[in-house]
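Derivation of every value follows stated rules applied to the coordinates shown; laboratory data play no part. Note that the structure is predicted; figures quoted are calculated from it, not measured. Using ideal geometry, Cβ is built from the backbone for each residue, glycine included, and neighbour counts are taken over all protein chains shown.
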Amino acid sequence: MQFRGGGLALGGVLALCLVGLASAGPNANAFSEQTSRPMMKSMGGDLNFGYVIALSSAEDPNAAVAEDCENGGGSCQYVLFIVNNFFAGLLVLPLCLFLFNLVFCCGRCCCRKKGRNVQGCTGGRYPTREYNKMEGLACILLLACFMIILFAFTVAGAAAFDELKGDLDLMLDGIGDLGETPGDFKVQITGQLDTMKVEIREQLTPINDVFTAVGEVKTAVSGMRTAFTDLDTKLRELASLIEGCKSTSPTCTSATRVANWNKCSAGSYTHADAGTGTAVGPAITGSGATVFSPTCRNPTTGALESCQCAPTVHAILAAVETTVAGIPSDGDLSGLDVPLPLDDLDRTIDDAASDFQKPLDDFQDSVPFTRKDTDIVKEQINGGLISLITFVGYSPAWYVIIMITVALILGAQFGPMKGNDKMNGCGDTCWWISYVVLTLWLMLFCWPLFGAFTVPAVFLEDLCEVLPTPGGTAQGLTDILVAADSDPMMIDLSEGLFEGCLLPQPPEKGYIWSAIPEQNITKQFMRDMVSEFSTGNAINATQITSNLRVLEYTSEFSSFIKPQIAALDAASYTTFGIASSYSPSYSAPRAAATDISNFQGGDLLAAVNAVDAASAAVDTAITNANTKSAAFEVQLNSAINSTASITEFLVDSLWELGTCELLASKYAGLYEPFCNIAHIFGASWGALLLSGCFGMLILPCVCCVSKRMYQYRVPLADQQNKLAQEGGTIAPMTAQAAPGGQAQAVFPVATAVPVAVPVAAAVAVPADPGAEAGAPEPVYPDLSKPEPAK
């Protein structure tokens, strides 16, 4: 049952060994992530750069460090973990091994002075008791297991560290590329800007030709305005013919007679005051006409009196005035003449693109290296030195494994090795060599390299863990910065530079605009910067409607003025708004019929015809102005839509100038080899730690197996004769019960075998005091040479 339990334990150890074997290979990442990193976290706690960042962000870092150490804070623990491992590997463990072996050597020398072959004294291959065979077998199996594990971890460490040169070259290339990226980015953007300026100018130039039509529209509208002015004049002349004229009189508001009201606006007429014998109404110019208009005579007597009011004519005049007020002025139409400022195009594009210069310059300052600088460093990196470190760091363990394997084969008691004292003696020497080489390797290479690798392994692994992964998120870094109460600009930089620019990978894209600190550069921000090249921003819909929709702002002409003028009839006073009750019937001084006939068919008819002609001229002018304005409106709307599309294209082009695809690819190209280097040091750190531990375990196993294999070759009873031949003495043995019910010979004074002392020994065999008499005496190897320690 005990052996079964031991077998299970041995199986567990071998399973551990498979982890190293599975992780070994051309990639150190798996070994670091599966083995080294968990060991770091287990040994040093879940510590990271956040503690260091928190202290570095303090107002007084020295005071913060002192306070943190007094309180046993994470920063001190982090530093102590690194320092302890550094000095443990570089000094403490090698010194302990040295002192132990020094004490052992001194003790052995003392024993040699007392008698080299005295049994029980420290040193010598001879056993202090008779060993059980199963015990020896367990030692051999345990040694074999530890050898396999040691081999696995040293191979993993060597394979990992051998990648260092290639990854260093890639990292330096990445640093050089990243350092040159801002300059390359600027060159790339400058070329794109030049191309963009040419393309945008070619698209915008034809649009300015549209605005030459504004002059034609102005001319047409001006002619229309003149036509309305002429119509207004003719209507006023008609009104004065009917109403007479009077200075400083009120406006006509009714169809009844109103004394002294009209201002006599028509210039061809004169006015006079009633009661002075001077005419109040206009003179009739027609042949045979009366001197004064019938509308200014008493209908019964024909005597002069106040003239009639013509409200219909005045209603038309009011409509004309309203319409004329709605006609756009030349200044209004000039507001539609907004050609694009193409002379400012290059400057505007340069200004809009200038915002990315600062983050690029800042980025350039943060990576002040170029490929030329890193190429010099690459040339100075000695690949042979890395190979030498790999060789001296791990190959001695392989020689130890080879020596132990050879010792096991040469000391085996079967086949050609059985009874072959010369080969068996060589096996004893191999045990001694393996112990010495293993001890020296642990003291001079394994543990010192472990200590030296602690600093880069921990720092680089932690830094790699903190750095955001390409294609991932910077939330972890942001959380650390927030927890450390870092400068808000650093937090914004983490979110902007990493999240918005460096981390997105194809097909996703980041933009450098989000990396500009303390600015909120959006597409709308860029639209505002280039808005002067969008016609729609200079002209709004209200301007187009009020200035170019001729039929809309002259709609009262077609709906009221034109029909009212067409209805004016010189044969009827009522068409002018005179009450139908007015019907002149006087007989003096001339016949009423003659007055009316001459008035209606002469001056009144001529005035009405003049108003009709002026109305027709207005109608023609409206049609012409509408034609010109409508054509310009179509072109203007097309220009608005075109410039909107062009400026949106310009905004998109400017925005795309800030794409971080180049920067993101360079960051990814640097991140991977950097983290590979971190994993290489992490894997080497873990491999050396485990190799050192299992190397220490192999030392007592070497002692155990070598001592038992010697007893397996030379039975304990024969060893007394052997000692006697060499002049030594051995204390008498007493029989005791051995495991398994066998008798076991034991010396009364038995010195325990030091765990780190190799002693050539034999696998336990039962004591045989009754050996056959007369048996041939065995041939023993020459033991005059120094023997390995036990």
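So if I restrict to the alpha-carbon atoms in the stretch 376-430, what is the Rg, and what is Dmax, the biggest pairwise distance, in Å?
Rg and Dmax of the stretch 376-430, Cα atoms, are 19.2, 63 Å.
If I model a spin label at Asn382 and Ser42 as a point 7 Å from the Cα along the Cα→Cβ vector, what separation in nanometres do I get?
Here the answer is 3.7 nm between the modelled labels.
How much length, in nm to one decimal, is gained on full extension between Thr623 and Val198, taken as 0.36 nm per residue of separation minus their Cα-Cα distance?
Working it through step by step, the gained length comes to 148.8 nm.
Return the FRET efficiency for the residue pair Ala88, Asp351: r is the Cβ-Cβ distance, R0 is 56 Å, and the value is rounded to the nearest 0.05.
After rounding to 0.05, the efficiency reads 0.35.
Once you have the Kirkwood Rh of the stretch 415-513 from its Cα pairs, apply Stokes-Einstein at 10 °C and 1.306 mPa s and quote D in µm²/s.
The Stokes-Einstein estimate is 85 µm²/s.
So the label point goes 7 Å from the Cα of Gln413 along Cα→C-beta, right? Which residues of the stretch 135-154 then have their backbone N under 14 Å from it?
Counting only backbone N, you get 135-137.
Residue by residue, what Karplus-based ³J(HN,Hα) values in Hz, rounded to whole numbers, does the stretch 651-668 have, using 6.51, -1.76 and 1.60 with θ = phi - 60° and x for Gly and Pro?
5, 4, 5, 5, 5, 5, 4, x, 4, 9, 4, 5, 5, 5, 5, 5, 5, 5
Would you mind calculating the gained length between Arg371 and Glu59 on full extension (0.36 nm times residue separation, minus the Cα-Cα distance), in nm to one decimal?
That works out to 108.6 nm of additional length.
Exceeding 26 Å between C-alpha atoms, which entries from my cross-link table qualify? They are Lys422/Lys707; Lys197/Lys372; Lys197/Lys628; Lys197/Lys666; Lys372/Lys509.
Lys197/Lys372; Lys197/Lys628; Lys197/Lys666; Lys372/Lys509
How far apart, in nanometres, would the label points at Lys523 and Val392 be if each is projected 7 angstrom from Cα along the Cα-to-Cβ direction?
Calculated label separation equals 6.3 nm.
Amide H to amide H under 5 Å from Thr659: which residues, 5+ apart in sequence or cross-chain, H placed 1.01 Å off N in plane?
Ile512
Spelling out what I want: for every residue of the stretch 76-88, take phi, set θ = phi - 60°, compute 6.51 cos²θ - 1.76 cosθ + 1.60 (Karplus), and round to whole Hz; glycine and proline get x.
Taking θ as phi minus 60°, the curve returns 5, 4, 4, 5, 5, 4, 5, 5, 4, 5, 4, 6, 4 Hz for the stretch 76-88.
FRET efficiency for Asp330 and Glu508, Cβ-Cβ distance as r, R0 = 56 Å, nearest 0.05?
Calculated transfer efficiency: 0.55.
Quote the FRET efficiency, to the nearest 0.05, computed for Thr575 versus Asp209 with a Förster distance R0 of 41 Å and r equal to the Cβ-Cβ distance.
Efficiency, from the Cβ-Cβ distance: 0.20.
Determine which residues of the stretch 325-347 fall in the zone a paramagnetic label at Glu552 would reach in this model, i.e. backbone nitrogen under 16 Å from the point 7 Å along Cα→Cβ.
326-329, 333, 336
Provide the gained length on full extension for the span Leu80 to Cys426, in nm with one decimal, where the gain is 0.36 nm per separating residue minus the Cα-Cα distance.
That pair, Leu80 and Cys426, stretches by 119.8 nm at full extension.
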